[in-house]
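Data first, discussion second: the structure below is written as C-alpha cells.
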Amino acid sequence: TPACCDVGRNVSESVRTVVLTWSPQGRLHQVEYAMEAVKQGGAAIGCKNDEFVVLATLKRATSELSSSQKKLFRIDDNVGIAISGLTADGTAATKALRNDCISHKFTFESQVEVARLAGRVADKSQISTQRAGARPSGVGMLIAGVDEQGSHLFQTCPSGNLYEHIAAAIGARSQASKTYLERNVDKLGALSLDQLVKLALRALREASTDPLTDKTCSVAVVGSKDTPFRILSAEELTSALEGLDEQE
C-alpha cells in the first residue's frame, strides 16, 4: 500500500542520514560517507625506519587563482601529522592535538607519547560515531613522531580505528602508492633520511597524475637524532625531486 511504501522510504532515509541508525546489513552509512571523504582527498604518504619518519602529501588548489591548502602540520617538536579529506576538520583536529600536547607538558613536564596522542584522536573520532549531536569527522590522519619507544607512524580514520604502520598511504589514488611501498618495504630499515625522503616522493608520484614539483607536493621529516619535526623548504624539496629518477 502507499502508506507502507512511505514507511519504507522513511526508514531507508533514516538509515542513510542518521549516524545512530544501523542499516539492515549492519552498516553505519554516515561513517562510511565520512571515510569516503578521506578517499577523495589529496594523497598522503608516510614511511619510517628505526630512526626517522617521513610524511609526503600532494597539494591541491581549488583553482589557478588560489593557493593550495596545507596538508602537513607540526604538533610538537617530536610529532606532526599529514591529513587527507576535509581540510577544515583537519585544522580543528590539529588545534585539539596541540592543546593535548601543551596540557601533557604542563602536567607531567615531558613530551606526550605518540601512541597515546594517536589514541586520543581515535577515541574522539569514535565518539562521533555514536552521538546524534555530532557528525563523524571527515578527515584521515597519518601521525608521525618519535619518543622514548622509538619512531612511530599511525593512521586514524573517521570510524575511530587506529593502525600502526611501517609505511602507509591514504587519499585519492593511494592504492598505487601502497603497491609501491609494499614492493620496497624491505629496504626501509637501511635507508638514510635523504633516501627515505626520496622513497616517499616516489610513492607519492604513483598517486599523482602530474609531475611532482615543489609547488604540487610537500614533505616533512622527524627523527630521533637531533631532527625535530619540520617541513622541508622549497630548496630542499627541489633538491630531493631532482634526484628522484636516479636508481634506488
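Which of the strands (runs of 3 or more DSSP E) contained wholly in segment 24-125 include at least 2 residues that are touching a strand residue (DSSP E or B) at 6+ places or on another chain (Cβ under 9 Å) and at positive phi?
Once the strands (runs of 3 or more DSSP E) in segment 24-125 are filtered for at least 2 residues that are touching a strand residue (DSSP E or B) at 6+ places or on another chain (Cβ under 9 Å) and at positive phi, nothing remains.
Got a sec? Which strands (runs of 3 or more DSSP E) wholly within segment 157-248 have at least 1 residues that are open to solvent by less than 10 Å² (accessible area, probe 1.4 Å), of a type in the set (A, V, I, L, M, F, W, C) and touching a Pro at 6+ places or on another chain (Cβ under 8 Å)? Spell out the reasoning first.
Values: elements: 162-164, 167-170, 217-223, 227-231.
Hits in segment 157-248: 217-223.
Quick check on my filter: what residues within segment 99-122 are open to solvent by 30 Å² or more (accessible area, probe 1.4 Å) and within 16 Å of the chain's Cα centre (by Cα)?
Correct list: Ala115, Arg120.
Quick one: in segment 224-236, of everything that is modelled with pLDDT under 95 and touching a strand residue (DSSP E or B) at 6+ places or on another chain (Cβ under 7 Å), which residue is farthest from Ile75 (Cα to Cα)?
If we take residues in segment 224-236 being modelled with pLDDT under 95 and touching a strand residue (DSSP E or B) at 6+ places or on another chain (Cβ under 7 Å), then Ser224 is farthest from Ile75 (Cα to Cα).
The values are calculated or read from the model by the stated rules, or taken from the named source; none is laboratory data. Predicted, not measured: the structure shown is a model, and the values here were computed from it. Note that we place each Cβ from the backbone using ideal geometry, even for glycine, and neighbour counts take in every protein chain shown. Please note that ligands, DNA and RNA were not included when accessible areas were found on the heavy atoms of the full protein model with its side chains. Shrake-Rupley method; radii C 1.70, N 1.55, O 1.52, S 1.80 Å.
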